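Quick notes on the structure that follows.
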Amino acid sequence: MHPFAALLILLVAESTSCLSDRVIADICLPRHELVEAVYKSCFEKASDFTFGGSCSGGFHSEITYSCKEKLPPKSYFEFLLPVLDEYRHDLRVSVLKNMVLDLSTLVNTEKPEFFMDKHFYIFKVFDDVEMHLSGIQSTMTTPKDEWNCAAPTHPNATLLSRQFEFSQLKYRIQWGNESLKFMENRTLLLVNTIGRLVRGEPVEESGFNEFELREFVRRYNVPRFPELKQDLEEFYMDLTSKTTPGILPKYLDYLGEVDAGRRLLSQYKQIFQKGQISFEYLDSKENDFHLSAFREPAPFWTDRLVVSRSPLTAHFSQDGCLPVDLLLSYSNRRCQKSPVGRYFKTENTSDLFPEKINVTLSKPCDSKKTLFKEVNIECRFPQQSMRLPDSTIHIRFYQRYFVAVLERYAAIVGEYSKTGIEELRNDSRIQAIEERLKLPDFALMSNDHLESFDPLNYLSVYSTFSDYFYEGEEAFIGSRESVQNTIKGTIRRTMVSYRAKALARWAMQLIRGEPISADELKYYDGESVRMLLSRLHMAPYDDKQEILNLLRDFYVDYAKDHTIAIGRSHLDFLSEPESHLKLAHLFRKIFTFGHVDTSYVS
């Protein structure tokens, strides 16, 4: 940029109420060079320049300016917030119940690493659920006006931007390395406190002090920009109020005060008592939850492990067979591995719960029966390393969400006549809904976060052993359940997501009075999906037919719970050949011009 152009900007820039930034240079620079640097950073929308710094001769080491931001368009989907609020309430209650059930049975006499890992995974369920709830809400509300400019640069100087430094600091606090995970450590403390209270153990108040506002500001203070203190305080209040299990943000307005730790512990002692919890601070009508009244369903599941040939295991595995001691070792691991995820690999052993596994060796490979090819397992240890939210919660939200969106769509269509369809297409409200519900190339990247509706989709990484097989120096072993669980995740996250988008497109066409083609949905029939799955690689598990039958049943069952505007009691036909024809007939009855019949929703 020419110096005169930069000076012209100084003269003609209009005053605005935009977001502001202060930039500090490590050397003195001419005014026009400072202006040029921030002008590029602000994408040529900078104004309101003020200069500072102890320099002479028209040079400066600081510039403060405003950056005119384009206001985001107002959201058309705030009408969905009541639907989300119900889902969020039910999900939080379920997560809290599961949390105290797990924590109430933990004792310090267990293996220390298992004790710590269990706390971590209990925390991850809470943290990930809250994160995804926020993600869903962000698609329903108008985004806040936030700084999104690039960091200013200069060829001969180092420039420090207040806004850029603050955005980087916020990222490090939330997602940075271990020493900076202030909020994660705070939530882990709260999880530990909840556990101690429901087990009737004493809790020290001193642990809360290191996570109060004053400590947060002291730790993350930016000396070059002392004016960030207020921004830090607001950021702290926002984060802590959203990451305090069992209490809504509106009951945590004291978190910025000096005695916040004492008051929070006092609240927790009201909510969490030995053997019971209250939901009053979640604004819930749920009765107090008494752990003594809960009856744990007895876990029971089966699996089949199959040994496969592998050049890596030739020393132990002879023609796809293994000795008895190794097969028993792997069976114990398969039954009692917990928890498993991307962070820790803590395992229980058969010494802990020997009565909870029954092993049957089959397909001997030699006459002396010292080598076998497969093992059948009956396991009475929980298959998942953590408790997941009640699945009926997300199913109810799924139906309410789609029905609410399509009812709004129908109401807008009803404002037009059948002859005004072309005019309808120019309605910005219609365009917004169609954009939200369209079937893009990658359904997982769609703007309604459809895959986030079912918590299992993002919690499964912590909750199940998802590897296809065990592979090491000793063996190459396929597991029926592990192969199934991996492919089930693909069905939930992609196939059912694509199917929902296709059904939504059907519904919108019918609401506009347009015909639909039943053949569009034939690819989502049970048999069609089975043919698609048959192409998947399932090695080293040898019985592909068994897996395909199990997966087809799973797909049909999951589809019954995820068919827009129709409850599963009306969908028994989904297991039949050419079920898309009956589904199209039902859709034509439910969705008509400007109307949605909700009588089929269970």
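F208 falls short on exactly one of the conditions (1) over 16 Å from V100 (Cα atoms); (2) free of Cβ contacts under 8 Å to residues at least 24 places away in the same chain, and that condition is (2). Here G207 meets each of (1) at pLDDT 85 or above; (2) among the small types (G, A, S); (3) not in a helix (DSSP H, G or I) with one exception, condition (3).
Is there a residue being of a type in the set (D, E), loosely packed, with under 13 Cβ neighbours inside 10 Å and farther than 21 Å from L96 by Cα anywhere in the stretch 324-332?
Within the stretch 324-332, one or more residues are of a type in the set (D, E), loosely packed, with under 13 Cβ neighbours inside 10 Å and farther than 21 Å from L96 by Cα.
Please find, within the stretch 209-227, the residue that is nearest to G256 (Cα to Cα) out of those that are among the hydrophobic types (A, V, I, L, M, F, W, C) and surrounded by fewer than 21 Cβ atoms within 10 Å (Cβ to Cβ).
L213
When S75, S66 are checked against the criterion of being modelled with pLDDT under 90 and either within 30 Å of R400 (Cα to Cα) or surrounded by fewer than 17 Cβ atoms within 10 Å (Cβ to Cβ) (or both), S75 stands alone in meeting it. Which one is farthest from Y523 (Cα to Cα), of the residues in the stretch 559-579 that are surrounded by fewer than 20 Cβ atoms within 10 Å (Cβ to Cβ) and touching a residue at least 60 places away in the same chain (Cβ under 8 Å)? So, considering only residues that are surrounded by fewer than 20 Cβ atoms within 10 Å (Cβ to Cβ) and touching a residue at least 60 places away in the same chain (Cβ under 8 Å), the one farthest from Y523 (Cα to Cα) is G567. Selection within the stretch 44-63: residues that are hydroxyl-bearing (S, T, Y) and surrounded by fewer than 16 Cβ atoms within 10 Å (Cβ to Cβ). The member of this set that is farthest from I433 (Cα to Cα) is S56. When D253, D283 are checked against the criterion of being assigned by TED's automatic domain parsing to the domain that holds V95, free of Cβ contacts under 8 Å to residues at least 40 places away in the same chain and either farther than 30 Å from G478 by Cβ or surrounded by 18 or more Cβ atoms within 10 Å (Cβ to Cβ) (or both), a single residue qualifies: D253.
Yes/no per residue for (1) assigned by TED's automatic domain parsing to the domain that holds S460; (2) under 14 Å from F397 (Cα atoms); (3) at pLDDT 85 or above:
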| position | (1), (2), (3) |
| --- | --- |
| H89 | no, yes, yes |
| V93 | no, no, yes |
| K97 | no, no, yes |
| V100 | no, no, yes |
| E110 | no, no, no |
| H119 | no, no, no |
| I136 | no, yes, yes |
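Of all the criteria given as (1) modelled with pLDDT under 90; (2) surrounded by fewer than 18 Cβ atoms within 10 Å (Cβ to Cβ), the one not satisfied by L81 is (1). Selection of first residues in the stretch 154-166 that are outside the structural domain of E233 (by TED's automatic domain parsing) and of a type in the set (G, A, S) and of second residues that are surrounded by fewer than 17 Cβ atoms within 10 Å (Cβ to Cβ) and assigned to a strand (DSSP E or B), restricted to Cβ pairs under 7 Å at least 6 apart or on distinct chains, gives the following pairs, ordered by first then second residue: A157/D26; A157/I27.
The residue of the stretch 127-174 that is farthest from F453 (Cα to Cα), among those that are over 20 Å from the mean Cα position of the chain (by Cα), aliphatic (A, V, I, L, M) and not in a helix (DSSP H, G or I), is A157.
Using beta carbons and a limit of 6 Å, which pairs, at least six apart or on different chains, have the first residue in the stretch 471-488 and of a type in the set (S, T, Y) and the second one surrounded by fewer than 22 Cβ atoms within 10 Å (Cβ to Cβ) and at pLDDT 70 or above? Cβ pairs passing all conditions: S479/D303. Residues that are of a type in the set (V, I, T) and in a helix (DSSP H, G or I) within the stretch 375-431 comprise T392, I393, I395, V403, V405, I412, V413, T419, I421, I430, listed in sequence order.
Yes or no, residue by residue, for (1) in contact with a Ser or Thr (Cβ under 9 Å, 6 or more places away or on another chain); (2) not β-branched (V, I, T):
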{"position": "V191", "(1), (2)": "no, no"}
{"position": "R199", "(1), (2)": "yes, yes"}
{"position": "F208", "(1), (2)": "yes, yes"}
{"position": "L213", "(1), (2)": "yes, yes"}
{"position": "N221", "(1), (2)": "no, yes"}
{"position": "E234", "(1), (2)": "no, yes"}
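The values are calculated or read from the model by the stated rules, or taken from the named source; none is laboratory data. No experiment lies behind these values; they were computed from the predicted model shown. A quick note on method: Cβ atoms are made from the backbone with ideal geometry, for glycine too, and the neighbour counts reach across all protein chains shown.
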